[in-house]
Amino acid sequence: MKFLNLATLLLSLFATTSALAVGKRQTAGLQIYVANAACLESEDAITSTDPYIEITVDGQTQRTQKVGDGTTFTIYGETLNFPSASPTSVLDIVAKDKDVLRDDTIGKATVDLSKVDTTKPITVELKHLLGLANAGIVTIYVVQ
């Protein structure tokens with residue numbers, strides 16, 4: 001059973017990597033590949049950070065299924081689909097800390113895709129809610 005799970009994981013990783021490598025979009029709309037998040041500030045005084053990434057485009061919100069496990073660096077490797085969004089949309093990116101009662105916001109950023117080179121990785125600097133300090137970075141790709 002472990003071999004089957006590993007084989008499924010490897011095939012999934014290969015399919016995602018292949019789609020990025022050839023630069024072909026698998027569905028209509030906009031696809032954002034969330035690669036990783038790093039240097040995320042902890043919002044918990046007692047427990048560790050369990051981060052996930054939430055992206056909103058044209059009123060559609062998607063989030064990573066993977067939640068980091070007590071670390072400030074997480075590899076997500078997930079593609080989020082926004083069927084009715086365009087490649088020139090504005091992304092609202094939020095890193096959140098998964099908690100039992102209410103998830104805390106670690107940091108936020110806005111990316112206007114019409115103003116960045118979408119053929120390369122996009123590294124986004126997250127800001128705390130007041131916008132005064134760096135709260136970490138997220139690396140994303142636009143799947144073309």
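The values are calculated or read from the model by the stated rules, or taken from the named source; none is laboratory data. Not measured: the values here are computed from a predicted model. Cβ: placed from backbone, ideal geometry, glycine included. Neighbour counts: every protein chain shown.
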Checklist outcome for this item: Going through (1) surrounded by 14 or more Cβ atoms within 10 Å (Cβ to Cβ); (2) at negative phi one by one, G77 fails only at (2)
Checklist outcome for this item: Filter the stretch 28-62 for residues that are assigned to a loop (DSSP other than H, G, I, E, B) and of a type in the set (D, E); the one that is surrounded by the fewest Cβ atoms within 10 Å (Cβ to Cβ) is D44
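Let's see how each residue does on (1) in contact with a Pro (Cβ under 9 Å, 6 or more places away or on another chain); (2) touching a residue at least 60 places away in the same chain (Cβ under 8 Å); (3) among the hydroxyl-bearing types (S, T, Y):
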| position | (1), (2), (3) |
| --- | --- |
| T72 | yes, yes, yes |
| T79 | no, yes, yes |
| F82 | no, no, no |
| S89 | no, no, yes |
| K96 | yes, no, no |
| D104 | no, yes, no |
| K108 | no, no, no |
| V116 | no, no, no |
| E125 | no, no, no |
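Give the residues of the stretch 88-118 that are over 29 Å from G70 (Cα atoms) and either among the aliphatic types (A, V, I, L, M) or surrounded by 13 or more Cβ atoms within 10 Å (Cβ to Cβ) (or both), sorted by residue number.
S89, V90, L113, V116, T118
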Next on the checklist: Checking the condition in contact with a Phe, Trp or Tyr (Cβ under 9 Å, 6 or more places away or on another chain) and acidic (D, E), which residue from D97, D50 passes?
Outcome noted: D97
Next on the checklist: Anything in the stretch 119-141 that is closer than 14 Å to T72 by Cβ and loosely packed, with under 14 Cβ neighbours inside 10 Å? List them, or say none.
Outcome noted: N134
Checklist outcome for this item: If you go through T27, T56, T71, the only one that is of a type outside the set (D, E, K, R), out of contact with any Gly (no Cβ under 9 Å at 6 or more places or on another chain) and modelled with pLDDT of 95 or more is T56
Next on the checklist: Consider the stretch 76-102. How many of its residues are among the aromatic types (F, W, Y) and more than 11 Å from the chain's Cα centre (by Cα)?
Outcome noted: 1
Checklist outcome for this item: In the stretch 63-110, anything polar (S, T, N, Q), closer than 18 Å to Q144 by Cβ and assigned to a strand (DSSP E or B) is listed as T79, N81
